[in-house]
Amino acid sequence: SLLLAVVLAPAAVSPTEARADNPIVQHVYTADPAPLVHDGRVYLYTGHDEDNSTNFTMKEWRVWSSADMVNWTDHGSPLSVASFSWASANAWAGQVVARNGKFYWYVPTTERATGRMAIGVAVSDSPTGPFRDALGHPLVGNGEIDPTVFIDDDGQAYLYWGNPNLWYVRLNADMISYSGSPAKIPLTTAGFGTRTGDPNRPTLFEEGPWVYKRGGLYYIVYAAKCCSEFIAYSTAPGPTGPWTYRGTIMPTQGASFTNHPGIVDFKGTSYFFYHNGALPGGSGYTRSVGVETFSYHPDGTIPTINMTST
Ligand code: FUB
């Protein structure tokens, strides 16, 4: 049986007192965290693992928010597989980005016509929805998963995604179309570390990319080396590379076999979101999202971050 949620009205806690209780959500299983800082709150977008210990059973995405990283408000599920007329199953790892007063939610889900994963985009006037399918068809097809979106200082938006390859494309200003063809980011060992034991996958990159910029440095954080995934990262001088492997951030996945990163700064503190199987009944298919605080080293590198609940 699951515990009660940490889902209450926001309380007055100063940023220096901020702490995180883990797992953040304790009444349902959650996975694939994607935080968004907007207007003084952290919005946390997650998947929802149904209680099934033998495969991914994910029908909807969910939204939570907090003004203090302690008390979280449950905003329910404003987007599900059923929101996409062309989709049939699998509400996998997405991300929301704000632009021009709208909120765009990029998600991988199964395309009914092909039976393969595809990336759709939903739009809303509010970070908590309701969200509606912006296109009526996938934005990216061909079995692709795990989109992350980054808007650079010059306004150019980039969509990245992938497993086993890592792709990017330049989004147009409307955020629901793109220019040019998707490009493969070269998965070199210098860029993404060395994997042993699988000649088809010489680098550590597995899935779940999360791209952002800090202090002029571009970061791509990702799940490494299935199927005891850890979180690793690479950096680059620009949004399209060249990427340099920087090492492990979170070495473990708890009782899960996947892990999945999301990073934001909020009220002066840096937060690292992840998932594991820490709730009662937790497993690789019944995951829960946690968060840890961390401080960048002066050179911009990220310290090792350990889970405080597993
Ligand atoms: O939650 C389903 C899939 O598992 C995600 O798309 C991957 O990133 C992994 O977490």
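The values are calculated or read from the model by the stated rules, or taken from the named source; none is laboratory data. Values in this document were obtained by computation on a predicted structure and should not be read as measured data. FYI the Cβ positions are ideal-geometry reconstructions off the backbone, even for glycines, and counts take in every protein chain you see. Remember, those area values only see protein heavy atoms, side chains included, never the ligands or the DNA or RNA. Shrake-Rupley method; radii C 1.70, N 1.55, O 1.52, S 1.80 Å.
Quick look at the values:
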quantity	calculated
Whichever residue in the range 269-288 is out of contact with any Pro (no Cβ under 8 Å at 6 or more places or on another chain), more than 11 Å from the ligand (Cβ to nearest atom) and of a type outside the set (S, T, N, Q) and, among such residues, is least open to solvent (accessible area, probe 1.4 Å)	Gly277
Selected residue (criterion: farthest from the ligand (Cβ to nearest atom)) from residues of the range 207-226 that are farther than 16 Å from Leu166 by Cα and either without any contact (Cβ under 8 Å) to a residue 40 or more places away in the chain or part of a strand (DSSP E or B) (or both)	Gly216
Matching option when the condition is surrounded by 24 or more Cβ atoms within 10 Å (Cβ to Cβ) and under 20 Å from the mean Cα position of the chain (by Cα), among Phe266, Phe192, Phe257, Phe294	Phe192
Where a residue in the range 99-116 is closer than 15 Å to Asn163 by Cβ and touching a residue at least 24 places away in the same chain (Cβ under 8 Å) and its partner, wherever it lies, is among the aromatic types (Phe, Trp, Tyr) and surrounded by fewer than 23 Cβ atoms within 10 Å (Cβ to Cβ), with Cβ under 8 Å and at least six apart	none
Counted residues, the range 285-310 - those being charged (D, E, K, R) and farther than 18 Å from Cys227 by Cα	2
Odd one out for Val63, checked against (1) more than 14 Å from the chain's Cα centre (by Cα); (2) closer than 21 Å to Tyr29 by Cβ; (3) touching a residue at least 60 places away in the same chain (Cβ under 8 Å)	(1)
Residue check for Ser88: in contact with a helix residue (DSSP H, G or I) (Cβ under 9 Å, 6 or more places away or on another chain), more than 30 Å from Asp152 (Cβ to Cβ) and within 16 Å of the ligand (Cβ to nearest atom)	yes
Tally, over the range 47-70, of residues that are closer than 23 Å to Glu111 by Cα and acidic (Asp, Glu)	3
Residue within the range 78-87 that is more than 24 Å from Val28 (Cβ to Cβ) and open to solvent by 20 Å² or more (accessible area, probe 1.4 Å) present	yes
Total residues in the range 177-189, condition touching a residue at least 40 places away in the same chain (Cβ under 8 Å), surrounded by fewer than 16 Cβ atoms within 10 Å (Cβ to Cβ) and within 17 Å of Tyr158 (Cβ to Cβ)	2
Given (1) away from the ligand (no atom under 16 Å from the Cβ); (2) open to solvent by less than 40 Å² (accessible area, probe 1.4 Å); (3) not in a helix (DSSP H, G or I), number of the condition Tyr233 does not satisfy	(1)
Residue match in the range 119-133 (condition: polar (S, T, N, Q), on the phi < 0 side of the Ramachandran plot, open to solvent by less than 30 Å² (accessible area, probe 1.4 Å) and touching a Lys or Arg at 6+ places or on another chain (Cβ under 8 Å))	yes
Residues (exposed (fewer than 15 other Cβ atoms within 10 Å of the Cβ) and within 15 Å of the ligand (Cβ to nearest atom)) located in the range 104-118	Arg116
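Here is a yes/no grid of residues against (1) within 12 Å of the ligand (Cβ to nearest atom); (2) more than 17 Å from Trp161 (Cβ to Cβ); (3) assigned to a strand (DSSP E or B); (4) open to solvent by less than 50 Å² (accessible area, probe 1.4 Å):
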{"residue": "Ile24", "(1), (2), (3), (4)": "no, yes, no, yes"}
{"residue": "Thr30", "(1), (2), (3), (4)": "yes, yes, yes, yes"}
{"residue": "Pro35", "(1), (2), (3), (4)": "no, yes, yes, yes"}
{"residue": "Tyr45", "(1), (2), (3), (4)": "no, no, yes, yes"}
{"residue": "Thr54", "(1), (2), (3), (4)": "no, yes, no, no"}
{"residue": "Ser65", "(1), (2), (3), (4)": "no, yes, yes, yes"}
{"residue": "Asp68", "(1), (2), (3), (4)": "no, yes, no, yes"}
{"residue": "Val96", "(1), (2), (3), (4)": "no, no, yes, yes"}
